[in-house]
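A short worksheet on the structure shown next.
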Amino acid sequence: MNKELIKKARKGDKKAFSLIFNDDYRKELYVLARSKLGNEEDAKDAVQDTILEAYIKIENLRNEEKFKCWIKKILINKCNDIYRNLNKHNLSFENTIEMKYSDSDDEFIDIENNIDIYSLIKFLNDKEKQIILLHIRGYNDKEISRILKINQNTVRCNLMRIRRKIKSRNERMG
């Protein structure tokens, strides 16, 4: 993430803020929201709400280097709000493979590279999927801990257990 753009955005530069949320970054946010909510429209809403809240509160960001963690935390909170408002019983990751827009006017989400990942982890529970997806996206234990509001040692233990589960399942599947 470009720290200079973030600094400018914190000072009220609207163009800098727009540049932060380029198509690739919106797609990354969409994939995370879709993986949590399992619904295209809800995921789009969560991303839009996240960007709006980030715009309103960007001056509260104390450290530009924490921007990605900060924005993901906002996104997850927005997803949780949507989830609660829809009275769903659990956040589903099962529909993540169907992550393409059907309208030609909308962005196209390229999931070709993600299909192997999602098919590899589909047997994990939702919390395990959240942890491993954030880890795959490059977040460290501390950042995952903050985003998911769980203890950092719990993240480490879960990552070790998840790796063993995946390895064991792959060995059994050939």
Given (1) modelled with pLDDT of 50 or more; (2) of a type in the set (A, V, I, L, M, F, W, C); (3) assigned by TED's automatic domain parsing to the domain that holds ASN39; (4) not in a helix (DSSP H, G or I), number of the condition CYS79 does not satisfy
(4)
Lone qualifier among LYS72, LYS8, LYS44 - being crowded, with 17+ Cβ neighbours inside 10 Å, assigned to a helix (DSSP H, G or I), in contact (Cβ under 8 Å) with a residue 60 or more places away in the chain and of a type in the set (Lys, Arg)
LYS72
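To keep it simple, each residue is scored yes or no on (1) of a type in the set (D, E, K, R); (2) modelled with pLDDT under 90.
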residue: LYS3; (1), (2): yes, yes
residue: LYS7; (1), (2): yes, yes
residue: GLY12; (1), (2): no, yes
residue: ARG26; (1), (2): yes, yes
residue: LEU29; (1), (2): no, no
residue: ARG34; (1), (2): yes, yes
residue: GLU53; (1), (2): yes, no
Looking only at the stretch 133-163, which residues are closer than 20 Å to VAL31 by Cα and either within 13 Å of the chain's Cα centre (by Cα) or in contact (Cβ under 8 Å) with a residue 12 or more places away in the chain (or both)?
LEU133, LEU134, HIS135, ILE136, ARG137, GLY138, TYR139, GLU143, ILE144, ARG146, ILE147, LEU148
Can you find, within the stretch 125-161, the residue that is surrounded by the most Cβ atoms within 10 Å (Cβ to Cβ) among those that are part of a helix (DSSP H, G or I) and of a type in the set (Ser, Thr, Tyr)?
SER145
Considering each residue of the stretch 49-66, count those that are buried (at least 16 other Cβ atoms within 10 Å of the Cβ) and under 14 Å from ALA16 (Cα atoms), and give that number.
4
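The values are calculated or read from the model by the stated rules, or taken from the named source; none is laboratory data. Please read these numbers as outputs of a predicted model, since none were measured by experiment. Cβ atoms come from the backbone with ideal geometry, glycine included; neighbour counts cover every protein chain shown.
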